[in-house]
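Everything on this sheet refers to the single structure shown next.
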Amino acid sequence: MSARKVLVGLSGGVDSAVASLLLSREGWEPVGVYMKLHDNDSYHEENFAKAKQVADYLGMQLHFLDLSGEFRKEVYDYFVDSYRRGLTPNPCVICNREIKFGEMLRFADTLGIEKVATGHYLRSDGKYIYRALDKEKDQSYFLAEVKPGVIGRLLFPLGELRKSEVVEMAEEIEPLRNIARQKESSEICFVDGDYTEILAKHMPVDMEGEVLDTAGEVVGTHKGYMHYTIGKRRGFTVRGAHEPHYVLGLDARNNRIIVGRRELLAESEFRLRNINLFDDMESFECMLKVRYRTEAVKASVRIGPEGGSVRLHSPVFGLAEGQFAVFYDQERLLGGGEIVKRRDFA
């Protein structure tokens, strides 16, 4: 049987290295692509060298694809503008939709390659996406906004493996051993440290402002609204407080934050915009996650022409506008949408 070509995103990390190895063992002919997404040249020099090490070992052709312009427009600027407006963005969700399973697929088209693979931990049957076997590493949440029409072109070789097994595979191969033992990269590739260091390049972030209670009374001070997300409980002062206070809302226009007791963070209903579904549905029951690392809760979802509404069967705490609510039917990913808060404390 002749080898079949598949374009593999090689990042210089162990996951994409082992994904390429597995595809090669399964009879595919992997062709690598390293995607330059931001302007940290030393970062790319180091990681492209690791990607080339993998490609050389497997006899793969390796392309260097500069997507820094597209990434800045679609992901980086979205990240900065979201914080400017007092939202809590999820750049990885947008990057997967626009870059990894958008621009990367368009590059595959220029090479005449149908299939595209990555080292994501999730599963697919060609029609739907499912949670990975390794629930601690499952990344299906981040693909909730991927366009439904591309799923049939995607391969995820690591979906049935645990992270420990992936590392063990790489450690057994001398040229990959140093990659297997390296520290995992940060969740947001262009943030190395505190996210406010990125924001400070574009706008003032250290601006003392007022802390308000839910009655609109000034009760303290804070160091600048961009330092806070919904649910944070430190980094601001509340005069005369005898119990912990949490950030309930952000008033970006006036550089204010609104704080209160933890029970005021509980939300059972909210609205959605920018909804993406892998099947046509107007109303459905599902398990829903409001952030990547939160537990899924039962929910009722209704989709309409102006967006969607969600009713949770049990409340969640720290719901943040700008994050993504992601829907599941057991293991299957149904889609997701951007959160619009029901209550506005600002």
Considering only residues that are more than 20 Å from residue 332 (Cβ to Cβ) and either of a type in the set (S, T, N, Q) or in a strand (DSSP E or B) (or both), which ones fall in region 264-300? 266, 267, 268, 269, 270, 271, 273, 274
Could you check region 20-46 and list, in sequence order, the residues that are closer than 22 Å to residue 91 by Cβ and surrounded by 16 or more Cβ atoms within 10 Å (Cβ to Cβ)? 33, 34, 35, 36, 37, 38, 43, 44
Any hit, region 211-223, residues being more than 25 Å from residue 78 (Cα to Cα), of a type in the set (Lys, Arg) and in contact (Cβ under 8 Å) with a residue 12 or more places away in the chain: no
Pick from region 72-109, criterion of a type in the set (Val, Ile, Thr) and closer than 14 Å to residue 35 by Cβ, ranking: surrounded by the fewest Cβ atoms within 10 Å (Cβ to Cβ): 99
Counting only strands (runs of 3 or more DSSP E) wholly inside region 155-253, the ones holding at least 3 residues that are outside the structural domain of residue 324 (by TED's automatic domain parsing) and of a type in the set (A, V, I, L, M) are 246-251
Tabulated pairs, region 46-66, first of a type in the set (Gly, Ala, Ser), second at pLDDT 95 or above, C-beta under 7 angstrom, 6+ apart or interchain: 51/10; 51/32; 51/34; 51/62; 55/10; 55/32; 55/62
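The values are calculated or read from the model by the stated rules, or taken from the named source; none is laboratory data. What you are looking at is a predicted structure, and each value in this text was computed from that prediction instead of being measured. Methodologically, a virtual Cβ is constructed for each residue, glycine included, from the backbone with ideal geometry; neighbour enumeration extends over all protein chains shown.
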